Amino acid sequence: MPLRDTSAHHTSADRTFQVDLRGLVDLLSHHLYSSPRVYLRELMQNAVDALTARHALEPAASLGIRLYADGTVVRVEDDGVGLTEADVHTFLATIGRSSKRTEHIAEQRADFIGQFGIGLLSCFLVADEIHVLSRSARTPDAPAVEWRGRGDGSYTVRTLPASARPRPGTTVTLTPRADAGEWTRPAQVHALARHFGSLLRHPVTFDDGSGGPGVPVNPDPAPWALTHPTPGARSRALAAYGEEVFGFKPLDTIELDLPAVGLKGIACVLPEAVPAGRRHGHRVHVKGMLLSEQAEEILPDWAFFVRCVVDAESLRPTASRESLYEDDTLAAVRDALADRLRAWIARAAASDPELLHRFLQAHHLAVKSLAVHDDEILRMLLPWLPFETTDGHCTLDEFARTHRTVLVTSSVEEFRQVAAIASAAGLGVVNGGYTYDRELVHRLPEIRPEVTVADLDPATLTAHLDPVDRETELAAAAYLAQARDALAVFDCDVALRTFQPASAPALLVDSREARHERTRSQLAREQDGGLWGDILGALRQEAPRAQLILNQLNPLVRTAVAIDEPELARTSAEALYGQAAMLSRRPLRPAESSLINRSFLDLLAHALRKDS
């Protein structure tokens, strides 16, 4: 049986989405914009774009923006291209439609800051009604047009005689709500105008209604746009601007200029070290308007030693105009700015050793992170970078002059265990436990082919400790056996050697990996038979034992190995182990802390009994 066509019985019609303007404004205020203060930036941005459009029609026109705030109203007036009645219906009454997308100015679209058609809605964050009076510059005899938009979503439009606005342009007037006084009082409006518009290319003035002349908001051009009599004067001027903006005196300023994207600005080198990986925000202006004070994305992660202020033409803001849109242009800018920073480091290394020294003192960690991945920086700066060594803090270049074989530890703890003994034995050891250090030390032969680099292991160190003669070994055999028995709970062997310095009674040789493996083995034994025990057993390897190496050159050790009282011998061995563990500066396990306390009290009790 054929199916019957029932389509004729069902009809459909296209419908238009309904917009709850109150809900939309709440969405903007809580999720798109960071603060109600952006309303003034949006109004200034619209005014700047209007001036840009009019300059395309009248390149020689003298145009500007005037702000007014007297505590009862906030007004922004511009000499821009203005709006016709059709424009008002099309753009002001349609959320998301921007005049910057119209065909007659599409070719200049890249010249405008705002392109999303939602900026005017930000005014509802501080006012319940927006009043717009505009007159188009495209038609000589165009009437003035008045538009009133209200927070409930309604609006009215009417045309007025041209005399209502004698000159082309637009005036936006807000009557602030009582709860918006924080953002609309005269002093705050002036401060916000300075904050957002200090680098705008069009003249902006502010009037607080007191009857005086308007105050310039942006009287000075961007500092990098000025000419200076000497390079030194320019450097001082840029440094003074960086100090004014960021609140610190830069160690140096790096001028940034990327003509391909119309970017100019400066990078200020921080005078003090910052935590590794901490990224500072940078001030980014787009076509003069401040976009963000916390733009992290314009520089790579390793460049945390500078803070930048830049003004760009071709970077794209997001819809909120408070961050940058991640695209190929931004990626190219990030790479180009990174090249500028590398070039500054190279120039300092080649021609200004004093500046380089001060820079590395503060930011050696940042440079190390860069050198790990950048062969050019590695070749330039690895010989200059400071490292902790058995010769003290020095550069690898200095260290390699006296040590053709460079040993490097895998942790700070291991370095501290062996530093004094290795130094006395003539071994050249570098602390590789800090971030990037071990990897960089291993790359030293790329710069100094005559140098050999190897990891330090216990066998390398103990090979440089001299054995005692056979008679001394036999005389100490009973004590060493008792010491091994006392320290068996810590999986620790005991040996007798001679090494410098003689003031060191004992050396505890024990790596972090060995301790972890012993802990894993112990857990496997405790969980024997269970699933977790089987897993640990499968991972278990032969756990290397720690070694307590007693120094026969030390008077205390020579006295200890001659003890013939078993309990006192055990206590002295435990005390020597505890002292060596503390000198290693690694975290003590609870059992070790308990042993140190017990051995101290036992030795004290023995001394008191002997005296009495």
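Quick grid of which residues meet (1) of a type in the set (Asp, Glu); (2) at pLDDT below 95:
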residue: 256; (1), (2): no, no
residue: 259; (1), (2): no, yes
residue: 262; (1), (2): no, yes
residue: 292; (1), (2): no, yes
residue: 297; (1), (2): yes, yes
residue: 312; (1), (2): no, yes
residue: 315; (1), (2): no, yes
residue: 320; (1), (2): no, yes
residue: 327; (1), (2): yes, yes
Looking only at residues that are out of contact with any Gly (no Cβ under 8 Å at 6 or more places or on another chain), closer than 21 Å to residue 197 by Cβ and not charged (D, E, K, R) in the stretch 257-269, which one is most open to solvent (accessible area, probe 1.4 Å)? 262
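So that you can scan it fast, the table gives a plain yes or no per residue for (1) modelled with pLDDT under 90; (2) part of a loop (DSSP other than H, G, I, E, B); (3) in contact with a Lys or Arg (Cβ under 7 Å, 6 or more places away or on another chain):
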position: 26; (1), (2), (3): yes, no, no
position: 55; (1), (2), (3): no, no, no
position: 61; (1), (2), (3): yes, yes, yes
position: 72; (1), (2), (3): no, yes, no
Tell me whether the stretch 210-230 contains one or more residues that are β-branched (Val, Ile, Thr), in a strand (DSSP E or B) and touching a residue at least 40 places away in the same chain (Cβ under 8 Å). no
Considering residues that are of a type in the set (A, V, I, L, M, F, W, C) and exposed (fewer than 15 other Cβ atoms within 10 Å of the Cβ), the number found within the stretch 155-173 is 2
Answer yes or no: is there a residue in the stretch 272-284 that is surrounded by 23 or more Cβ atoms within 10 Å (Cβ to Cβ) and of a type in the set (A, V, I, L, M, F, W, C). yes
Can you work out which of the residues in the stretch 136-164 that are basic (Lys, Arg) and within 24 Å of residue 41 (Cβ to Cβ) is modelled with the highest pLDDT? 148
Please enumerate the residues belonging to the stretch 246-256 that are out of contact with any Gly (no Cβ under 7 Å at 6 or more places or on another chain) and in contact (Cβ under 8 Å) with a residue 12 or more places away in the chain. 246, 248, 249, 251, 252, 254, 255
Filtered residue count, the stretch 403-445, keeping only those that are modelled with pLDDT of 90 or more and in a helix (DSSP H, G or I): 8
Counting only residues in the stretch 448-467 that are open to solvent by 30 Å² or more (accessible area, probe 1.4 Å) and of a type in the set (A, V, I, L, M), the one farthest from the chain's Cα centre (by Cα) is identified as 463
Given (1) more than 24 Å from residue 55 (Cβ to Cβ); (2) open to solvent by less than 50 Å² (accessible area, probe 1.4 Å), identify the lone condition not met by residue 200. (1)
Could we say that residue 90 is at pLDDT 65 or above, surrounded by fewer than 21 Cβ atoms within 10 Å (Cβ to Cβ) and over 22 Å from residue 197 (Cα atoms) here? yes
Does the stretch 470-486 contain any residue that is within 51 Å of the chain's Cα centre (by Cα), under 17 Å from residue 573 (Cβ atoms) and among the aliphatic types (A, V, I, L, M)? yes
Per the list (1) within 26 Å of residue 61 (Cα to Cα); (2) surrounded by fewer than 17 Cβ atoms within 10 Å (Cβ to Cβ), residue check on residue 195 breaks on (1)
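The values are calculated or read from the model by the stated rules, or taken from the named source; none is laboratory data. The shown structure was predicted, so the numbers you read here are calculated from the model rather than taken from an experiment. A quick note on method: Cβ atoms are made from the backbone with ideal geometry, for glycine too, and the neighbour counts reach across all protein chains shown. All accessible areas refer to the heavy atoms of the entire protein, side chains included, with ligands and DNA or RNA removed. Shrake-Rupley method; radii C 1.70, N 1.55, O 1.52, S 1.80 Å.
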